[in-house]
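These notes are about the structure you will find just below.
The values are calculated or read from the model by the stated rules, or taken from the named source; none is laboratory data. Because the structure is predicted, anything quoted here is derived from the model rather than measured. Every residue, glycine among them, receives a Cβ derived from its backbone with ideal geometry; neighbour counts consider all protein chains shown. Heavy atoms of the whole protein, side chains included, go into the accessibility calculation; ligands, DNA and RNA do not. Shrake-Rupley method; radii C 1.70, N 1.55, O 1.52, S 1.80 Å.
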Amino acid sequence: MQKLVIWSITDGNAGMVSQADGLASALDKNFVKKTCKIIPWLRFLPIWIKSRMLHTLMANKEDLNSPWPDVVIGTGSSGLPALRWLKRQSPRTFTIFIQNPGVLQARFFDLVIA
């Protein structure tokens, strides 16, 4: 059986990291931690703009590149646009969002844990 590649994407805040990493380590102890740092003055943009232009708005663009994972777990305001962007890049990636993304955003993820 082939091993799953799992990414944990957060904004780096301790509370967000503990939630995403806790679920990722429950699935597989060997997961990859990714931090999505959006340029600070752009964090007030609407989610739909951030998710479409994420790669240009990120301070650390090199962290989210192919090969794409099998499962990606995200949380927080930075994780939401990152997961939406990643799902567009790789539709086969199973996306899990922890926390409440809102009614309109929930449809973009395979699983929401609110």
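For the reader, a short list of remarks on this structure follows.
- Put simply, of LEU57, LEU64, LEU42 the only residue that is surrounded by 15 or more Cβ atoms within 10 Å (Cβ to Cβ), at pLDDT below 80 and in contact with a Leu (Cβ under 6 Å, 6 or more places away or on another chain) is LEU57.
- Cross-chain or 6+ apart pairs with Cβ under 6 Å, the range 50-77 first and over 25 Å from ASN100 (Cα atoms) and part of a helix (DSSP H, G or I), then modelled with pLDDT under 60 and open to solvent by less than 80 Å² (accessible area, probe 1.4 Å): LYS61/HIS55
- Among the residues making up the range 1-22, those that are surrounded by 16 or more Cβ atoms within 10 Å (Cβ to Cβ) and under 22 Å from ASN65 (Cβ atoms) are VAL5, ILE6, TRP7, SER8, ILE9, THR10, ASP11, MET16, VAL17, ALA20, ASP21.
- The range 23-35, residues that are in a helix (DSSP H, G or I), open to solvent by 30 Å² or more (accessible area, probe 1.4 Å) and touching a residue at least 24 places away in the same chain (Cβ under 8 Å): LEU23, LEU27
- Evaluated against (1) assigned to a loop (DSSP other than H, G, I, E, B); (2) within 14 Å of the chain's Cα centre (by Cα); (3) at pLDDT 85 or above; (4) of a type in the set (S, T, N, Q), SER8 falls short on exactly one condition, (1).
- Any hit, the range 85-92, residues being in a helix (DSSP H, G or I), farther than 23 Å from LYS3 by Cβ and at pLDDT 80 or above: yes
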